[in-house]
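Peer 1: Sending over a structure as structure tokens; questions will come in a sec.
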Amino acid sequence: MSATRPRTLFDKIWDAHVVERLPDGTVVLYIDKHLTHEVTSPQAFEGLRMAGRKVRRPDATIAVVDHNIATDASRYGTIEDPESRQQVETLERNVKEFGVPYIPLTDQRQGIVHVIGPELGLSLPGMTIVCGDSHTSTHGAMGALAFGIGTSEVEHVLATQTLLQKPAKNMRVLVEGNLAVGCTAKDIVLAIIGKIGTAGGTGHVIEYAGDAIRALDMAGRMTVCNMSIEGGARAGMVAPDQTTFDYVKGRPFAPKGEAYDRAVAWWKTLPSDPGAHFDREVKLDAHAIAPQVTWGTSPEDVLPITGNVPNPADFADEAKRAQVQRMLDYMGLTAGQRLQDLRVDVVFIGSCTNSRIEDLRAAAAIAEGRKVADGVRALVVPGSGLVKAQAEQEGLDRVFKEAGFEWREAGCSMCLGMNPDKLKPGQRSASTSNRNFEGRQGPGGRTHLLSPAMAAAAALAGHLADVRDFQPKG
Amino acid sequence: MQAFTTLTGIAAPLPEANVDTDKIIPARFLKTIARTGLGKNLFANVRYKADGSENPDFILNREPYRKSEILVALDNFGCGSSREHAPWALLDFGIRCVIAPSFGDIFHNNSFKNGILPIRLPREICEKLMEDAKLGANARLTVDLARQVVVRPNGEEIPFEVDAFRKHLLLNGLDDIGQTLQHAPAIDGFEARQKAAQPWLYA
Ligand code: SF4
């Protein structure tokens with residue numbers, strides 16, 4: 001690799017992890033950190049066992065349970081659902097047999113894998129990070145190359161600490177200007193997906209840049225990178241800067257003392273060189289972004305909260321018209337309806353997109369001194385035990401409980417319908433998670449994606465609402 | 001992994017874009033610890049009614065499509081999560097090949113690892129194949145991986161692209177891990193160099 005060619009952040013991390021290049025361009029890529037959870041790992045460990053293979057680097061691997069578990073006190077007893085219980089028990093057996101470090105449910109550090117990675121300093125700038133989970137893109141906010149893999153690849157990494165990969169293309173999304181009042185990282189990323197579409201990033205790794213991205217704290221950057229996969233991208237990343245270095249410093253698994261200084265010196269070389277080539281570039285004006293909400297069953301079906309449900313007849317393409325009609329039927333919507341008139345049954349504040357302390361503070365600021373509307377079930381699910389403890393120290397749990405929100409234990413919860421927190425058929429939810437697919441939050445459930453502050457506003461109003469009408473009381 | 005050479009079979013038309021992995025197999029079926037047995041849950045939310053009975057309108061519940069080995073869909077098939085349960089469910093149902101204008105990246109990757117061939121073809125061609133597929137058992141498609149062509153019932157041959165390395169593994173039914181372990185000395189060397197330069201990565 002010539003040292004003179006300007007390279008992107010992605011190129012630099014990629015080049016630093018090439019073990020070998022095969023003749024057809026496939027690369028044996030070294031993986032620095034491998035996060036695993038109970039849902040996508042059982043068949044991988046089983047594969048190792050059958051082939052008589054070991055985990056090559058248990059020290060670079062960590063396991064946690066997050067998807068299957070209940071988020072109330074019942075989780076500390078026996079898991080009721082026999083299949084969920086079997087998955088959790090299988091993981092516990094596997095980590096013991098293969099010597100993989102494990103964070104059990106009873107450990108305060110337990111939480112959603114994509115929340116605890118950065119929080120514990122397991123995910124660091126410059127790393128290659130993988131997990132059998134598409135939202136691994138979250139960790140790209142650290143200035144890392146982080147992407148989701150399937151179970152066969154989980155097994156491949158366990159056995160070899162590498163993956164067979166073809167390089168991705170480079171895409172840059174530039175977000176310039178200041179965000180308007182009431183708008184957040186979630187609104188930025190929903191607006192990006194609305195613009196590029198759910199396949200807009202296919203085959204690419206997206207680098208988010210521009211002063212609006214620079215101005216985000218690490219939690220905001222994680223929210224943006226998290227949803228890269230909803231834009232079809234392999235991964236999303238933000239160049240490491242002082243915000244990143246300050247965030248990493250002092251985290252339990254982060255380098256300390258002289259090692260930290262050496263690490264920072266290397267991390268500072270990672271940002272894209274001036275003139276580096278991007279195969280595709282997209283620009284957004286941060287100031288033009290209004291609070292966003294999805295209306296359909298794909299994350300690209302997004303509009304400003306001031307908008308109206310679209311009319312299928314307004315789409316030129318016949319297939320698209322049919323698709324929009326199907327979505328309206330599924331979502332129980334009529335063309336032209338004001339988004340702000342849609343009553344919600346459930347509000348979910350949580351998931352690896354928006355369950356960090358900053359997210360909870362934003363929601364609590366809106367909820368403080370107000371009440372959840374009658375008939376609305378509102379849940380707040382911290383992303384990890386540590387986030388929960390921090391929130392309780394700040395008194396956010398009291399704010400939520402007094403307003404009528406449920407205050408839960410950490411986990412994936414209602415982000416996906418595989419643990420006890422589910423929508424009932426036909427229920428409409430305002431959710432801070434990342435996917436509004438049919439049945440994602442439970443069969444027949446109807447999901448509207450939005451930011452934590454917007455979710456809190458919906459809980460108080462009893463319908464989708466504009467957070468700008470709810471200025472903090474406190 | 002079962003090798004993939006040529007396949008002649010019934011193709012099911014699924015004229016939809018953005019068929020996501022939650023649709024291919026909903027999350028509640030991911031609680032298994034096995035790779036097999038998921039075929040009955042394929043497309044469960046649309047394939048069955050609330051009472052568990054079959055939805056007669058869904059393509060895979062109709063003859064001859066119950067025996068489909070090929071699926072023809074529209075853009076961005078398999079978008080969404082990384083769940084390998086999606087190709088496992090397709091495979092367990094009997095599908096060995098999916099043809100679409102584009103695919104979710106991870107699904108595309110996962111398919112190869114399970115002996116399923118995902119073929120990208122321009123939308124107009126997918127629509128033509130969709131028309132063939134609608135003719136059912138009288139219009140079987142043939143997929144010839146070695147020659148990289150899809151053969152339509154009228155004999156027309158449509159060439160497609162496939163990554164050379166993936167093709168090699170698929171034609172021979174080879175597993176990736178075995179291939180990679182041939183590079184073990186290079187991996188050892190990489191680790192020694194990285195450990196010297198970035199010791200904090202080796203706790
Ligand atoms: S919170 Fe949702 S998206 Fe994130 S890891 Fe859990 S299930 Fe996946």
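Peer 1: Suppose the filter is modelled with pLDDT of 95 or more, in contact with a Lys or Arg (Cβ under 9 Å, 6 or more places away or on another chain) and farther than 22 Å from A:Ala209 by Cβ; does A:Thr297 pass it? Break it down into steps so the answer makes sense when it comes.
Peer 2: Details: modelled with pLDDT of 95 or more: yes; in contact with a Lys or Arg (Cβ under 9 Å, 6 or more places away or on another chain): yes; farther than 22 Å from A:Ala209 by Cβ: yes.
Yes.
Peer 1: Restricting to the range B:174-202, name every residue that is at the interface with chain A (Cβ under 7 Å from one of its Cβ atoms) and under 35 Å from the mean Cα position of the chain (by Cα).
Peer 2: If the condition is that a residue be at the interface with chain A (Cβ under 7 Å from one of its Cβ atoms) and under 35 Å from the mean Cα position of the chain (by Cα), then B:Asp176, B:Ile177, B:Thr180, B:Leu181, B:His183, B:Ala186, B:Ile187, B:Phe190 are the ones that fit.
Peer 1: Something else: Which pairs do you get when a residue that is touching a residue at least 60 places away in the same chain (Cβ under 8 Å), found in the range A:397-422, comes within reach of a residue that is within 14 Å of the ligand (Cβ to nearest atom) and acidic (Asp, Glu), reach meaning Cβ atoms under 7 angstrom, with the pair 6+ apart or on two chains?
Peer 2: A:Gly411/A:Asp66; A:Cys412/A:Asp66; A:Ser413/A:Asp421; A:Met414/A:Asp421
Peer 1: Considering only residues of the range A:359-410 that are assigned to a loop (DSSP other than H, G, I, E, B) and among the hydrophobic types (A, V, I, L, M, F, W, C), which is farthest from A:Val113 (Cα to Cα)?
Peer 2: So in the range A:359-410, the residues assigned to a loop (DSSP other than H, G, I, E, B) come out as A:368-376, A:381-383, A:394-395, A:404-405, A:408-410.
Checking the rest, the ones that are also among the hydrophobic types (A, V, I, L, M, F, W, C) come to A:372-373, A:376, A:381, A:405, A:410.
On the way: A:Val372: 30, A:Ala373: 32, A:Val376: 29, A:Val381: 14, A:Phe405: 24, A:Ala410: 11 Å.
Only one residue tops the list, namely A:Ala373.
Peer 1: Quick test for you: out of B:Tyr48, B:Tyr65, pick the one residue that is among the aromatic types (Phe, Trp, Tyr) and away from chain A (no Cβ under 12 Å).
Peer 2: Numbers: B:Tyr48 fails: away from chain A (no Cβ under 12 Å).
That would be B:Tyr65, the only listed residue that is among the aromatic types (Phe, Trp, Tyr) and away from chain A (no Cβ under 12 Å).
Peer 1: Condition check: part of a strand (DSSP E or B) and within 14 Å of the ligand (Cβ to nearest atom). Does A:Ser351 satisfy that?
Peer 2: Against the criterion (part of a strand (DSSP E or B) and within 14 Å of the ligand (Cβ to nearest atom)), A:Ser351 does not qualify.
Peer 1: While we're looking at this one, here's another question. Could you please give the count of residues in the range A:8-31 that are modelled with pLDDT of 95 or more and among the small types (Gly, Ala, Ser)?
Peer 2: Total meeting the criteria: 1.
Peer 1: How about the range A:263-314: which of its residues are acidic (Asp, Glu) and open to solvent by less than 20 Å² (accessible area, probe 1.4 Å)?
Peer 2: First, pick out the residues of the range A:263-314 that are acidic (Asp, Glu): A:273, A:279, A:281, A:285, A:300-301, A:314.
Passing the criteria: only A:Asp301.
Peer 1: Mind checking whether some residue in the range A:234-247 is among the aromatic types (Phe, Trp, Tyr) and open to solvent by 10 Å² or more (accessible area, probe 1.4 Å)? I'd like the intermediate steps shown before the answer.
Peer 2: Restricting attention to the range A:234-247, the residues satisfying the condition of being among the aromatic types (Phe, Trp, Tyr) are A:245, A:247.
Restricting the remaining residues to those that are open to solvent by 10 Å² or more (accessible area, probe 1.4 Å) gives A:247.
Yes, there is a match, as at least one residue in the range A:234-247 is among the aromatic types (Phe, Trp, Tyr) and open to solvent by 10 Å² or more (accessible area, probe 1.4 Å).
Peer 1: Okay, next question. Can you work out which of the residues in the range A:372-414 that are open to solvent by 10 Å² or more (accessible area, probe 1.4 Å) and among the polar types (S, T, N, Q) is nearest to the chain's Cα centre (by Cα)?
Peer 2: A:Gln390
Peer 1: While we're here: Could you check how many residues of the range A:377-417 are within 12 Å of the ligand (Cβ to nearest atom), more than 14 Å from chain B (Cβ to nearest Cβ) and among the aliphatic types (A, V, I, L, M)?
Peer 2: 2
Peer 1: Test each condition in (1) within 16 Å of the ligand (Cβ to nearest atom); (2) in contact with a His (Cβ under 7 Å, 6 or more places away or on another chain); (3) open to solvent by less than 10 Å² (accessible area, probe 1.4 Å) for A:Thr61 and report the one that comes out false.
Peer 2: The one condition A:Thr61 does not meet is (1).
Peer 1: Also: Name every residue in the range A:36-54 that is in contact with a Lys or Arg (Cβ under 6 Å, 6 or more places away or on another chain) and free of Cβ contacts under 8 Å to residues at least 40 places away in the same chain, in order of residue number. Steps first, please.
Peer 2: The initial filter retains those residues of the range A:36-54 that are in contact with a Lys or Arg (Cβ under 6 Å, 6 or more places away or on another chain), namely A:43.
Scanning the range A:36-54 gives no hits.
Peer 1: Could you say whether any residue in the range A:336-346 is within 16 Å of the ligand (Cβ to nearest atom) and more than 14 Å from every other protein chain (Cβ to nearest Cβ)? Talk me through it step by step, then tell me what you get.
Peer 2: At the first step, the residues of the range A:336-346 found to be within 16 Å of the ligand (Cβ to nearest atom) are A:346.
Next cut, more than 14 Å from every other protein chain (Cβ to nearest Cβ) only: A:346.
Yes: the range A:336-346 contains one or more residues that are within 16 Å of the ligand (Cβ to nearest atom) and more than 14 Å from every other protein chain (Cβ to nearest Cβ).
Peer 1: Could you check the range B:16-127 for strands (runs of 3 or more DSSP E) lying wholly inside it with 3 or more residues that are crowded, with 22+ Cβ neighbours inside 10 Å?
Peer 2: B:70-73, B:97-100
Peer 1: Shifting gears a bit: Within 8 Å of chain A (Cβ to nearest Cβ), free of Cβ contacts under 8 Å to residues at least 12 places away in the same chain, in contact with a strand residue (DSSP E or B) (Cβ under 9 Å, 6 or more places away or on another chain) and part of a helix (DSSP H, G or I) - does that describe any residue in the range B:152-166?
Peer 2: yes
Peer 1: Could you list all residues from the range A:5-40 that are in a helix (DSSP H, G or I) and closer than 21 Å to A:Gly148 by Cβ?
Peer 2: Kept after step one, since they are in a helix (DSSP H, G or I), are these residues of the range A:5-40: A:9-15.
Listed by number, the residues that qualify are A:Leu9, A:Phe10, A:Asp11, A:Ile13, A:Trp14.
Peer 1: Given the conditions (1) closer than 22 Å to B:Met1 by Cα; (2) of a type in the set (D, E, K, R); (3) at pLDDT 95 or above; (4) surrounded by 12 or more Cβ atoms within 10 Å (Cβ to Cβ), report the number of the one that B:Asp176 does not fulfil.
Peer 2: All conditions are met except number (3).
The values are calculated or read from the model by the stated rules, or taken from the named source; none is laboratory data. As the structure is a prediction and not an experimental result, all values here were calculated from the model. Methodologically, a virtual Cβ is constructed for each residue, glycine included, from the backbone with ideal geometry; neighbour enumeration extends over all protein chains shown. When the accessible area is computed, the model is the full protein with side chains, heavy atoms only, and any ligands, DNA or RNA have been set aside. Shrake-Rupley method; radii C 1.70, N 1.55, O 1.52, S 1.80 Å.
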